[in-house]
Amino acid sequence: MGIYSLITGRRGPSGFGSASTAEEVTQGIGATHLTATITGGTGGIGMETARVMAKRGAHVVIGARNMGAAEHAKTEILRQNANARVTLLYLDLSSFKSIKAFVHNFHALHLPLNVLINNAGVMFCPYQLSDDGIELQFVTNHIGHFLLTNLLLDTMKTTAKTSGVEGRILNISSIAHIYTYQEGIQFDSINDISCYSDKKSYGQSKLANILHASELSRQVQEEGVNITVNSVHPGLILTNLFQHTALLMRFLKFFSFYLWKNIPQGAATTCYVALHPSLKGVTGKYFADCNEVIPTKLARDDTLAQKLWDFSVKLINSVSKKNYLGFEDTS
């Protein structure tokens, strides 16, 4: 789409552009037959995504670490739409134990699962290890969503088969995937504080989101499953993600205001890819401003995507001390 389209809001082939809002891109789309799970749907573009999905009729299950914020989000969604169906479940994506508990609690609801939106994330954090001993940005933004997706995948497959409705998985990535370590993913030094960069580590995790979506898309296509998997860059939006660099981001926004979106615009691409009928069967793609765009060469490296998949499985299994995902060890 480019800088010109971002500044002007010029619409692309989809009929939408950077100025389109989540409500606009889903206008007239009915989703009463869908159950959608979204991580981090308690504020910013996550909450707007949840609100609009619920407005279109979907039963929205929000996975949230801050349950107070989740209750506030649900109250606000219901205030605007008394008929909204919203369920809240606790989820800390940096904790394998919490992810497993979330999946158990979701299954206890006996709900189908049509749409999974891996939206939650952290950004530019000072160096920190999770309780499972993994660098916080990498585990929260990639590994946690990798585990969650795979633990919910059988439910999505069953839903797609029994309902005949295409399942959709979305990873919320970022244009920041272009700014990562030279090799893309630091497989041999994920937790190495000596070479840690908060910006490059974030970029690494966002590159991982795209590679994960690409490899999972390849696998479900090969299996013949009626599920699509895509990744999304929502745009530049000043949300709580910037809590560690708030003053710097506000300064930069002052001088580049024409590049930034508001929250309804920031949620548009996610809602478009999650619900729009024109994307039926479209998989393994990367979207920005509600149009398909081409990510970096590293993000299109199928060998790197496979290596990341194998690394993620081994990392999860090594931490959990068992074959947590049920995958064969490829070593």
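Per-structure values
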quantity: The stretch 25-40 - phi-based ³J(HN,Hα) in whole Hz, Karplus 6.51/-1.76/1.60, Gly and Pro as x; calculated: 6, 10, 4, x, 8, x, 10, 5, 8, 10, 10, 10, 9, 10, 8, x
quantity: Fraction of beta bridges assigned by DSSP in the chain that are antiparallel (%, nearest 5); calculated: 15
quantity: J(HN,Hα) series, the stretch 167-180, from Karplus relation 6.51 cos²θ - 1.76 cosθ + 1.60, nearest Hz, glycine and proline x; calculated: x, 9, 10, 10, 9, 7, 9, 6, 4, 5, 5, 6, 10, 9
quantity: Net dipole in debye of the chain [+1 Lys, Arg Cβ; -1 Asp, Glu Cβ; about Cα centre; nearest 20]; calculated: 800
quantity: Segment Thr87-Asn191, extension gain: residue separation times 0.36 nm, minus the distance between their alpha carbons; calculated: 34.0 nm
quantity: Computed over the stretch 158-198, the ratio Rg/Rh where both radii use C-alpha atoms and Rh is Kirkwood; calculated: 1.29
quantity: With DNA, RNA and ligands ignored, accessible area of Asp154 (1.4 Å probe; Å², nearest 10); calculated: 100
quantity: Counting all C-alpha pairs of the chain, share separated by more than 36 Å (%); calculated: 12
quantity: Leading residue at positive end of dipole, the chain (Cβ point charges), from Ile294, His142, Leu216; calculated: Ile294
quantity: Accessible surface, the chain, averaged per residue in Å² (probe 1.4 Å); calculated: 44
quantity: Heavy-atom accessible surface of the chain: percent carbon and sulfur, 1.4 Å; calculated: 54
quantity: Compactness relative to 2.2 N^0.38 Å, alpha carbon Rg of the stretch 110-158; calculated: 1.37
quantity: Computed lengthening from Val165 to Asp131, 0.36 nm per intervening residue step minus Cα-Cα distance; calculated: 8.4 nm
quantity: Projected label distance in nm at Ile178 and Lys199, using a 7 Å step from Cα toward the beta-carbon; calculated: 1.3
quantity: Over 21 Å [Cα-Cα, the stretch 47-180], rounded percent; calculated: 46
quantity: Which of Ile77, Ala305, Gly46, positive extreme of dipole for the chain (C-beta unit charges); calculated: Ile77
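The values are calculated or read from the model by the stated rules, or taken from the named source; none is laboratory data. In this text, all values refer to a predicted model and were calculated from it rather than measured experimentally. Every residue, glycine among them, receives a Cβ derived from its backbone with ideal geometry; neighbour counts consider all protein chains shown. When the accessible area is computed, the model is the full protein with side chains, heavy atoms only, and any ligands, DNA or RNA have been set aside. Shrake-Rupley method; radii C 1.70, N 1.55, O 1.52, S 1.80 Å.
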